[in-house]
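Since the structure comes first, as structure tokens, the remarks are kept for the end.
The values are calculated or read from the model by the stated rules, or taken from the named source; none is laboratory data. None of these values were measured; they are calculated from a predicted model. FYI the Cβ positions are ideal-geometry reconstructions off the backbone, even for glycines, and counts take in every protein chain you see. Surface accessibility is based on the protein's heavy atoms, side chains included, excluding ligands, DNA and RNA. Shrake-Rupley method; radii C 1.70, N 1.55, O 1.52, S 1.80 Å.
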Amino acid sequence: SLSERAADLRASTPSNAAELLFPDGQAVQSRLHSQQKSLDESLQSFIDQKSQYGEYAVERLRMGTQSVIDTKAESLARASRLLDAFHPKATLRRGYALVQHASSGRLVSSAGDVGSGQEIIVTFADGPVTSIAK
């Protein structure tokens, strides 16, 4: 018949038509199970890939942070050494002394600033000494 020629599929009997309309349940279930397994594997692969990327990003961040910390610690140590070198106590430890007028506490910068018999305070690294100028 003309309808059979126009159809995509032809069934020879009504039973055969029913078989074609409703495929075997076990075959459908097997195909669905296979597709689910494939989806599960793809999802797990995607998760693993993103997890590795996350671990890589965390490691890079940790390394970058540690590098900044190391650089700042080195800079701080350098600044600390400079401060120690220029601290007045460091100068006193090298054998110098700080001389002040006993009455006013004003620093003496020249021998001409001290008169004979005037009381002065000489500060060394380990402490002060009171003295009388000659």
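Taking the listed residues Asp70, Asp84, Asp48, the one that is surrounded by 10 or more Cβ atoms within 10 Å (Cβ to Cβ), assigned to a helix (DSSP H, G or I) and touching a helix residue (DSSP H, G or I) at 6+ places or on another chain (Cβ under 7 Å) is Asp84, with no other qualifying.
The residue list Leu32, Leu76, Leu92 contains one member that is hydrophobic (A, V, I, L, M, F, W, C), under 30 Å from Ala133 (Cα atoms) and in a helix (DSSP H, G or I), which is Leu92.
Restricting to the range 95-110, what's the tally of residues that are open to solvent by 70 Å² or more (accessible area, probe 1.4 Å) and not in a strand (DSSP E or B)? Number of matching residues: 5.
State yes or no: is His33 modelled with pLDDT of 90 or more and open to solvent by less than 70 Å² (accessible area, probe 1.4 Å)? The answer is no for His33.
Here's the yes/no breakdown for (1) at pLDDT 95 or above; (2) open to solvent by 80 Å² or more (accessible area, probe 1.4 Å):
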site: Thr13; (1), (2): no, no
site: Ala18; (1), (2): no, no
site: Pro23; (1), (2): no, yes
site: Val28; (1), (2): no, no
site: Glu55; (1), (2): no, yes
site: Arg62; (1), (2): no, yes
site: Ala77; (1), (2): yes, no
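Could you check, for the range 111-132, whether at least one of its residues is assigned to a helix (DSSP H, G or I), in contact with a strand residue (DSSP E or B) (Cβ under 7 Å, 6 or more places away or on another chain) and surrounded by 12 or more Cβ atoms within 10 Å (Cβ to Cβ)?
No, because not a single residue in the range 111-132 is assigned to a helix (DSSP H, G or I), in contact with a strand residue (DSSP E or B) (Cβ under 7 Å, 6 or more places away or on another chain) and surrounded by 12 or more Cβ atoms within 10 Å (Cβ to Cβ).
Of all the residues that make up the range 112-134, how many are touching a helix residue (DSSP H, G or I) at 6+ places or on another chain (Cβ under 9 Å) and closer than 10 Å to Gln100 by Cα?
The number of residues fulfilling the criteria is 1.
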